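Visitor: There's a structure below that I have some questions on.
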Amino acid sequence: MIDTHTHLYLPEFASDGGGEAAVVRAIAAGVDRMIFPNVDRSSVEPMQSLAAKFTDHISMAMGLHPTEVKENWQEELDFHLDLLDDGGYVAVGEVGIDLYWDKTFEAEQMKAFDIQVSKASALGLPVIIHCRDGLEQALEVLSSHPGVPAVFHSFGGNADDVNRIRRVGDYYFGINGIVTFKNCKVRDVLPEIGLDRLLLETDAPYLAPVPHRGKRNESAFLTDTAKHIANHLCISYEALDVATTQNAKNFFKI
């Protein structure tokens with residue numbers, strides 16, 4: 001099973017064995033590969049350091065998170081673009097649009113997103129999209145880059161959102177622990193997404209699934225999300241594992 005979006009390198013894992021212990025727990029739980037998306041300049045070193053200790057189990061993505069797009073966004077973006085040129089990454093991410101907390105840098109977020117999708121196209125890499133309260137803006141950018149593979153990470157939208165996204169491109173959808181929450185409506189959208197465009201993720205340390213809700217999330221908990229999705233789709237856990245693992249291998253070329 002592949003966790004296609006996890007941040008086990010973040011400070012939240014500094015206790016109880018750190019990120020290394022969290023990786024070991026994930027592998028023991030059957031999550032034998034994890035994708036680490038970058039956040040900003042400060043997260044690069046801890047991400048690379050942890051990934052280097054588990055080269056058979058961890059792949060990395062590089063990008064500038066939209067909430068980190070500030071006044072100095074061009075300087076920060078150039079730093080990340082240079083790292084992408086160094087190679088060794090399976091995707092550009094996580095990048096995108098986030099207008100939930102602050103809309104001050106909406107135009108700059110769109111520019112940074114556009115440049116990073118262009119970089120992905122040039123390097124032949126897929127894109128991991130963070131999109132929160134910015135679907136219209138994200139789709140506007142993506143419409144200028146037809147054919148670039150992308151996943152809408154932590155997708156929590158409705159069927160209309162799925163259809164809007166598919167009018168722009170044949171994208172994947174990352175589903176995490178929110179699907180297990182009592183009032184989450186994304187469960188009803190799973191058939192609309194279809195098994196062939198579904199990727200499993202945790203977004204650890206955030207969004208822990210039931211029965212761990214309220215705790216620090218980790219990649220080992222991906223199995224709880226997978227069981228919930230399999231039950232809702234009326235397929236076996238093993239069938240979901242096989243299908244989503246192959247989806248991830250195809251998407252990230254791993």
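Visitor: Is at least one residue of the range 150-165 over 17 Å from the mean Cα position of the chain (by Cα), modelled with pLDDT of 95 or more and closer than 30 Å to M47 by Cα?
Guide: No; the residues of the range 150-165 include none that is over 17 Å from the mean Cα position of the chain (by Cα), modelled with pLDDT of 95 or more and closer than 30 Å to M47 by Cα.
A quick yes/no check of all residues on (1) in a loop (DSSP other than H, G, I, E, B); (2) without any contact (Cβ under 8 Å) to a residue 60 or more places away in the chain; (3) small (G, A, S):
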| position | (1), (2), (3) |
| --- | --- |
| V23 | no, no, no |
| P46 | no, yes, no |
| D56 | yes, yes, no |
| E75 | no, yes, no |
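Visitor: Which of the residues that make up the range 145-168 are out of contact with any helix residue (DSSP H, G or I) (no Cβ under 6 Å at 6 or more places or on another chain), open to solvent by 10 Å² or more (accessible area, probe 1.4 Å) and part of a helix (DSSP H, G or I)?
Guide: Of everything in the range 145-168, those that are out of contact with any helix residue (DSSP H, G or I) (no Cβ under 6 Å at 6 or more places or on another chain), open to solvent by 10 Å² or more (accessible area, probe 1.4 Å) and part of a helix (DSSP H, G or I) turn out to be D160, D161, N163, R164, R166, R167.
Visitor: What residue, of V210, V179, is of a type in the set (V, I, T), open to solvent by less than 10 Å² (accessible area, probe 1.4 Å) and over 19 Å from H57 (Cα atoms)?
Guide: V179
Visitor: In this structure, does A150 turn out to be farther than 27 Å from M1 by Cβ, out of contact with any Ser or Thr (no Cβ under 9 Å at 6 or more places or on another chain) and among the aliphatic types (A, V, I, L, M)?
Guide: No: the conditions fail for A150.
Visitor: Consider L199 against the criteria (1) open to solvent by 10 Å² or more (accessible area, probe 1.4 Å); (2) more than 21 Å from A21 (Cβ to Cβ): it satisfies all of them except one. Which criterion is unmet?
Guide: Of everything listed in (1) open to solvent by 10 Å² or more (accessible area, probe 1.4 Å); (2) more than 21 Å from A21 (Cβ to Cβ), L199 misses just condition (1).
Visitor: Turning to a different aspect of this structure: Within the range 117-138, can you find the residues that are surrounded by fewer than 19 Cβ atoms within 10 Å (Cβ to Cβ), touching a residue at least 12 places away in the same chain (Cβ under 8 Å) and more than 17 Å from the chain's Cα centre (by Cα)?
Guide: S118, S121, L123
Visitor: If you take the residues of the range 87-135 that are of a type in the set (D, E) and touching a strand residue (DSSP E or B) at 6+ places or on another chain (Cβ under 9 Å), which of them is nearest to R164 (Cα to Cα)?
Guide: D133
The values are calculated or read from the model by the stated rules, or taken from the named source; none is laboratory data. In this text, all values refer to a predicted model and were calculated from it rather than measured experimentally. Methodologically, a virtual Cβ is constructed for each residue, glycine included, from the backbone with ideal geometry; neighbour enumeration extends over all protein chains shown. We work out accessible area using only protein heavy atoms, side chains counted, and drop any ligands, DNA or RNA first. Shrake-Rupley method; radii C 1.70, N 1.55, O 1.52, S 1.80 Å.
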